1. Ignoring everything except DSSP H segments at least 4 long, calculate the 222 nm mean residue ellipticity for the protein assembly as shown; use -39,500 (n - 2.57) per segment, divide by total residues, nearest 500.
2. Using bins 5 angstrom wide from zero, how does P(r) for the range B:4-87 break down, in % of all Cα pairs?
3. Place the peptides B:73-86, A:82-95 in order of packing, highest mean first, counting for every residue the other Cβ atoms within 10 Å and averaging per peptide.
4. Can you list the lysines whose alpha carbon sits under 16 Å from that of A:LYS161, skipping same-chain ones fewer than 8 residues off?
5. Once you average over the residues of A:16-24, how many Cβ atoms of partner chains fall within 10 Å of each Cβ?
6. Would you list which aspartates and glutamates come within 15 Å of A:LYS120, measuring only between C-alpha atoms, while excluding same-chain residues fewer than 8 positions from it?
7. Pairs of alpha-carbon atoms within less than 8 angstrom and 6+ residues apart define the contacts here; what relative contact order does chain B have, in percent?
8. Which entries in the list A:LYS24/A:LYS72; B:LYS27/B:LYS62; A:LYS25/A:LYS52; A:LYS18/A:LYS52; A:LYS18/B:LYS75; B:LYS51/B:LYS84 go over 25 Å, if you measure between the two C-alpha atoms of each?
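Read-outs: derived from the displayed coordinates by stated rules, not from any lab. Quick caveat: nothing in here was measured; it's all calculated off a predicted structure. For neighbour counting, all protein chains shown are included, and Cβ atoms are generated from backbone atoms with ideal geometry for every residue, glycine included.
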Amino acid sequence: MFDTGRVCVKIAGRDAGKTCVIIKKIDNVFVMIDGETRRRKCNLKHLEPLDKTLNVNEDASHKEVITLFKEKLKIEIKETKPKKAKPRQRKQHIKKEKPIKETKKKSQQKTDSAKKTEVKAAKVETKAKTTKKTEIKADKKETKEKGIEAAITKEIKESAKDKESSAKKETTKKAEKK
Amino acid sequence: MVSGRFKSRSKRRVMVKTPNGTKRVYKNRKPSKATCGKCGAVLKGVPRATKSELAHMPKTAKRPERPYGGVLCSKCMRLAIKEKINKS
């Protein structure tokens, strides 16, 4: 019953309802099938034999089986190519550090130059401030010295005036006594 | 007071423990198990899930990948194919 060339219909599995031909008998249980189904080993329990036979060799290729199906059974078999798994498009993590670094460098250079100028300006300002402070201090000292001198001169003058007045008083007193 | 739409028993009541005590929650019931259209046997490979759960499943996970998959059991499917062959 299940000899090579016997046309069958597969009953079980995802190829159920599709016609196939027995290519090779492996043992009492399993056979090799090809046709509308995939070329594979199959259990005899999963096949329903038909009353048609094809002249197929044991080493017949899939293309030969397709031509036989077309000519004798008038069944066109669509050849499906196995799908090639597309390589996954992984997200490429672009390192933006380098351009950032360059920009950073430029910016850093800019900032450094700006900082340097600022520091220089600050130094000049501080120097000017210090010089001003020293000038002010010197002025204060001068004013103090001047004030002291003026006070001393005032005191001297006052003392001289007092002396003169006292001498005048004494002379007047003497004159009165006389 | 229960709102009107939850008064029927079409939804199942689930008690949920909360920090403030237990709370009654209304959830959709699961559908019954899928059966064979011919013999009534329970179908294997068909999940018993709600609509929203099925929506997130791939098609291959919802039914067996064979003719009449998810409708007939494997035995009835074989018989149906054999009947077709005999008729033709």
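1. Values: 4 runs with 107 residues, N = 266.
That comes out to -14500 deg cm²/dmol.
2. The distribution over the range B:4-87 is 3, 13, 15, 15, 13, 11, 10, 8, 5, 3, 2, 1, 1, 0, given as percents.
3. Values: B:73-86: 15.8, A:82-95: 6.3.
Going by the mean number of other Cβ atoms within 10 Å, highest first, we get B:73-86, A:82-95.
4. A:LYS169
5. Numbers: counts 9, 8, 2, 1, 0, 0, 0, 0, 0.
Shielding by partners across A:16-24 averages 2.
6. Result set, ordered by chain and number: A:ASP112.
7. Numbers: 90 pairs, mean separation 17.9, N = 88.
20 percent.
8. Working: A:LYS24/A:LYS72 20 Å; B:LYS27/B:LYS62 22 Å; A:LYS25/A:LYS52 17 Å; A:LYS18/A:LYS52 15 Å; A:LYS18/B:LYS75 17 Å; B:LYS51/B:LYS84 34 Å.
In this structure, B:LYS51/B:LYS84 exceed 25 Å between Cα atoms.
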